[in-house]
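First comes the structure, then the notes that go with it.
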Amino acid sequence: MIASILETIGNTPLITIPNSNRANEGQVLFKYERYNPGGSIKDRAAIYLVEEAERRGLLKPGGTIIESSSGNFGISLAMIGAAKGYRVIILVDPKTTSANLALLKCFGAEVIVVTEKDDCGSYHKTRISLANKLAQEIDNSYRPDQCFNLLNSEAHYKSTAREIMADCSNKITVFITAVSTGGQLGGISKYLKTFAPEVQIIGVDAVGSAIFGGQSDSYRIPGIGLGWTPSNLNMAHVDRAYKISDEQAFLTARAFARNEGILMGPSSGACALVALKLAQALQPEERIVCMVADGGERYIPTLFNDEWMEQQGFPTNIDMEAIRGMARQLQPWSVCPSTTANYRTDLTQSLEVPESTLRMNSELLARDFVEQNSSIFMD
Ligand SMILES: Cc1ncc(COP(=O)(O)O)c(C=O)c1O
């Protein structure tokens, strides 16, 4: 028997894709995070941040959790809030799908839709800054602050990365994931570069995001991208970055639903396209672990809706052979991401990041948690 739904977070499967991956190529394995109870990888960071806050006395019984999220992290917090009895307020934006809004409400979260764009053409800064203001106004509130809180990447360092290595018996050639707050890529790349430095780390971003440098512009892939390089991500740990267009990401996700029976969202479509590209240049004994951060149900009104796709000017049907051809044509955006990093230390002040987050970060930076805990992680 399981004591709480929250104990089912993690231990997600690694899945092969035999209909899309040729036998003479590197073996692609999808880390399928849809099996988390909140339906995405974000459950892992959310439970870690909430329980660390409880442990440190930052979140007390009867408290309110306030967070900026385009969907998945908010849903995870809403689920955790419902299970633990906290009030949850989530600040979303017009890109948040109707399915995600409905899910937030299912768990009893209060939702605020922020419609004002920031100077990067996205909603991240306006959402974060309003969340910080609300946290100052509401008594007994806690801001997990996934974008600036370094516990976000620590969560993945301690759980996701270790799980992947154990599932692969420590034999991985390439690891691929998408980036927004940098929690996943930051934590997993730190772990792999520490304990398996030969693994190639690939970051996947949206065309229009500035995480790996370049101009900010608008894009439609939910959950991915940012107008700057997040502090949760150490670019020195990333070997290569790809930027994927909306159309490429959406078409790839649709093709995997039809060709493998695997539902995934657009950010995972972007990663899967890069995985197909890299597999074509590797040998069968080499493994490519590709993060599939969520399932596809929450994108039924958009990605899986033919009318919506046509409105975007995207085709509705494309077979896996055409996707494989598209993958072959991909070129990396950067083969040395640390040279194009776009860190913005000024933002903590202008967005009024809470003192509690800054104190937490100083503490994490001061102690080298890798060295301190290495014996626990490698046992
Ligand atoms: C579906 C999906 N993919 C990828 C990401 C990026 O993850 P991270 O914020 O850990 O960089 C997110 C973040 O919200 C997401 O929801």
Quiz item: Which strands (runs of 3 or more DSSP E) does the stretch 7-77 wholly contain that include 1 or more residues that are in contact with a Cys (Cβ under 8 Å, 6 or more places away or on another chain) and within 16 Å of the ligand (Cβ to nearest atom)?
Solution: 27-32, 64-68
Quiz prompt | Residue check for LEU185: within 11 Å of the ligand (Cβ to nearest atom) and either in a loop (DSSP other than H, G, I, E, B) or of a type in the set (Gly, Ala, Ser) (or both) | solution = no
Practice problem: Among the candidates ALA82, ALA53, single out the residue that is among the small types (Gly, Ala, Ser), at pLDDT 95 or above and in contact with a Gly (Cβ under 6 Å, 6 or more places away or on another chain). | Solution: ALA82
Quiz item: Quick one: would you say ASP217 is at pLDDT below 95, away from the ligand (no atom under 13 Å from the Cβ) and assigned by TED's automatic domain parsing to the domain that holds ALA166?
Solution: yes
Practice problem: Starting from the stretch 146-173, keep only residues that are among the β-branched types (Val, Ile, Thr), then list their pairs with residues that are within 14 Å of the ligand (Cβ to nearest atom) and in a helix (DSSP H, G or I) whose Cβ atoms are within a distance under 8 Å, requiring at least 6 positions of separation or different chains. | Solution: THR160/ARG44; THR160/GLN184; THR160/GLY187; THR160/ILE188; ILE164/ILE188
Quiz item: So, of the residues in the stretch 146-181 that are within 12 Å of the ligand (Cβ to nearest atom) and in a strand (DSSP E or B), which turns out to be surrounded by the fewest Cβ atoms within 10 Å (Cβ to Cβ)?
Solution: ILE176
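Quick grid of which residues meet (1) closer than 21 Å to LEU226 by Cα; (2) open to solvent by less than 50 Å² (accessible area, probe 1.4 Å); (3) at pLDDT below 95; (4) of a type outside the set (S, T, N, Q):
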{"residue": "PRO266", "(1), (2), (3), (4)": "yes, yes, no, yes"}
{"residue": "VAL274", "(1), (2), (3), (4)": "yes, yes, no, yes"}
{"residue": "GLN280", "(1), (2), (3), (4)": "no, no, no, no"}
{"residue": "ARG287", "(1), (2), (3), (4)": "no, no, no, yes"}
{"residue": "ALA293", "(1), (2), (3), (4)": "yes, yes, no, yes"}
{"residue": "GLY313", "(1), (2), (3), (4)": "no, no, no, yes"}
{"residue": "ASN317", "(1), (2), (3), (4)": "no, no, yes, no"}
Quiz item: So ILE201 clears everything in (1) touching a Ser or Thr at 6+ places or on another chain (Cβ under 8 Å); (2) in a loop (DSSP other than H, G, I, E, B); (3) surrounded by fewer than 24 Cβ atoms within 10 Å (Cβ to Cβ) except one condition, right? Which one?
Solution: (2)
Exercise. Report, ordered by the first and then the second residue, all pairs with beta carbons closer than 6 Å, sequence separation of six or more or different chains, a first member in the stretch 304-319 that is without any contact (Cβ under 8 Å) to a residue 24 or more places away in the chain, and a second member that is open to solvent by less than 100 Å² (accessible area, probe 1.4 Å).
Key: ASP306/THR316; TRP308/THR302
Exercise. Tell me which residues, restricted to the stretch 182-194, are open to solvent by less than 10 Å² (accessible area, probe 1.4 Å) and of a type outside the set (Phe, Trp, Tyr).
Key: GLY182, GLY183, LEU185, GLY186, GLY187, ILE188, SER189, LEU192
Practice problem: Considering only residues that are within 28 Å of THR97 (Cα to Cα) and of a type in the set (Val, Ile, Thr), look in the stretch 277-315 and name the one that is nearest to the ligand (Cβ to nearest atom). | Solution: VAL292
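The values are calculated or read from the model by the stated rules, or taken from the named source; none is laboratory data. In this text, all values refer to a predicted model and were calculated from it rather than measured experimentally. In this analysis, Cβ positions are derived from the backbone assuming ideal geometry, glycine residues included, and neighbour counts consider all displayed protein chains. Heavy atoms of the whole protein, side chains included, go into the accessibility calculation; ligands, DNA and RNA do not. Shrake-Rupley method; radii C 1.70, N 1.55, O 1.52, S 1.80 Å.
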